[in-house]
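**Student:** Once you've had a glance at the structure underneath, I'll fire off some questions.
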Amino acid sequence: MAEIRIGVVGCAGRVGRMLVADIAATEGCALAGGVARPGSSVLGQDVGELAGIGRLGIAVGDNAEALLRGSDVAIEFTTPAATAEHATLAARLGKPVVIGTTGLHGAEEEAVREAARQVPIVWAANTSLGINLLMGLVEQVASRLGPDWDIEIMEMHHRHKVDAPSGTALALGRAAATARGARFDEVAQRGRDGITGPRPAGAIGFAALRGGDNIGEHHVLFAGLGEQLELTHRATNRGIYSKGAVRAALWVAGKPPGLYGMKEVLGL
Ligand code: NAD
């Protein structure tokens, strides 16, 4: 079978560099090229050298249109404004795309949804396989255990993280609430301090720990009367995001137009 040519949009970024390395190391696909932000200091450098895997003979470009034309599928990890433009471009050129950029709002989100009417798009705020499997497991457990089981979500991240709870912890909470038929905003308890009173029935509690260089861990605790069940995911390497994105790219090539998530990629 012919190799799937993958173009990396944002190849100079932290995730972008890992994508280049993972695509080069993954069977069934080949690197079509990579583009960085127009005006970036890395333009013209070798993408492989930039990714730390040695020369690949492909220069970093800044023409996303040319890259997409030469790719079967694109992977996009940049910034929200750039992502919206690239989604529109992918739709015009009829190219599938995997989008990992987070923090899209309003018109940017709309641009992605609009593009997904023309081409298949995997859009995932977290492309790690383990986290997405955890999400599916949390849904299953929350729907099977009754509301007398309390759900608490604890996460820990490095000292530089500026928001809490993590987006992933909130997504896990949302998945649990939905599986229970509850409205997340009505049951989420995003921090406790002082005389809080007893725990409200059906609440989903959050605790955020910060320290050191912890890449990220999430614990979802189901606490019943007489027993507890805990599901844990620990990231030990940031490469989990690019590996999952490459898997999504191989999956999305050839799918009908639409907006997909990692759930579909993993067949959950
Ligand atoms: P980064 O800042 O290291 O990289 C972003 C890159 O995009 C930069 O090199 C920037 O120059 C480039 N860029 C900006 N505009 C561009 C354009 N028009 N064309 C090409 N490149 C352009 O950030 P990062 O850590 O790689 O993360 C990128 C995005 O992915 C962020 O939104 C981040 O939150 C998100 N992210 C998602 C996941 C996931 O699992 N989905 C994991 C990690 C990070």
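**Student:** Out of the DSSP beta bridges found with both residues in the stretch 14-164, what percent are antiparallel (nearest 5)?
**Tutor:** Of all bridge pairs located within the stretch 14-164, approximately 10 percent are antiparallel.
**Student:** Would you list which lysines come within 19 Å of K95, measuring only between C-alpha atoms, while excluding same-chain residues fewer than 8 positions from it?
**Tutor:** K255
**Student:** Among 92-102, 48-58, what's the highest-first ranking by average C-beta atoms within 10 angstrom per residue?
**Tutor:** 92-102, 48-58
**Student:** Let me ask something additional. For the chain, what is the percent of antiparallel DSSP beta bridges, rounded to the nearest 5?
**Tutor:** 35
**Student:** Would you order C11, C29 from fewest to most other beta-carbon atoms within 10 Å of each residue's own beta-carbon?
**Tutor:** Ranking C11, C29 by Cβ neighbours within 10 Å, fewest first, gives C29, C11.
**Student:** Taking the chain as the reference, fit the longest principal axis to its C-alpha atoms, fit the long axis of helix 167-179 to the helix C-alpha atoms, and give the angle between the two in degrees, 0 to 90, nearest 10.
**Tutor:** It works out to around 60 degrees.
**Student:** Net charge within 13 Å of E108 by Cβ-Cβ distance, Lys/Arg positive one each and Asp/Glu negative one each, not counting E108 itself?
**Tutor:** Combined, the nearby Lys, Arg, Asp and Glu give -4.
**Student:** Can I ask one more? Counting other beta carbons within 10 Å of each Cβ, put I240, I153 in order, fewest first.
**Tutor:** Arranged by neighbour count, lowest to highest, I240, I153 become I240, I153.
**Student:** Another question about this same structure. In whole angstrom, note down how far apart the Cα centers of the stretch 38-63 and the stretch 107-125 are.
**Tutor:** 27
**Student:** I've got another one for you. Within 10 Å, count the other beta carbons around each residue, average over each peptide in 204-213, 186-195, and list them highest first.
**Tutor:** Top to bottom by mean Cβ count within 10 Å: 204-213, 186-195.
**Student:** Further question: Mind pulling the angle between the C-alpha long axis of helix 239-252 and the longest principal axis of the chain? Nearest 10 degrees, somewhere in 0 to 90.
**Tutor:** 70
**Student:** I've got another one for you. Please give me the summed charge of the neighbours of N214: other residues whose Cβ is under 11 Å from its Cβ, Lys and Arg +1, Asp and Glu -1.
**Tutor:** So the environment of N214 carries a net charge of +1.
**Student:** Using alpha carbon centroids, what distance separates the stretch 166-226 and the stretch 241-262, in Å?
**Tutor:** 29
**Student:** When Lys and Arg each count +1 and Asp and Glu each count -1, what net charge do the other residues less than 9 Å away from A84, Cβ to Cβ, add up to?
**Tutor:** -4
**Student:** While we're on this one: Rounded to the nearest 5, what % of the DSSP beta bridges within the stretch 155-230 are antiparallel ones?
**Tutor:** 50
**Student:** OK, next. So how tilted is helix 106-115 from the main axis of the chain? Cα-based, degrees 0 to 90, rounded to 10.
**Tutor:** Taking the Cα atoms of the chain, the angle to 106-115 is about 60 degrees.
**Student:** Sorted by average packing, counted as other Cβ atoms within 10 angstrom per residue and highest first, what order do 80-86, 104-110 take?
**Tutor:** Ranked from most to least packed, the peptides come out as 80-86, 104-110.
**Student:** Would you grab the residues whose amide H sits under 5 Å from the one on G34? Only those 5+ places off in sequence or on another chain, please, with H modelled 1.01 Å from N.
**Tutor:** Under 5 Å from the amide H of G34 lie the amide H atoms of V8, G61, each far enough along the sequence or on another chain.
**Student:** Something else: Just the Cα atoms of the chain, one point each, no solvent: what log10 I(q)/I(0) does Debye give at q = 0.08, 0.11, 0.15 Å⁻¹?
**Tutor:** For the chain, the Cα-only Debye profile gives -0.37, -0.66, -1.08.
**Student:** Residue by residue, what Karplus-based ³J(HN,Hα) values in Hz, rounded to whole numbers, does the stretch 206-219 have, using 6.51, -1.76 and 1.60 with θ = phi - 60° and x for Gly and Pro?
**Tutor:** 10, 9, 10, 10, 10, x, x, 10, 4, 5, x, 9, 10, 10
Values quoted throughout were computed directly from the atomic coordinates according to the rules given, and no laboratory measurement underlies them. On a predicted model such as this, the values are computed, not experimentally measured, just so you know. Here Cβ is always computed from backbone atoms with ideal geometry, including for glycine, and neighbour counts include all displayed protein chains.
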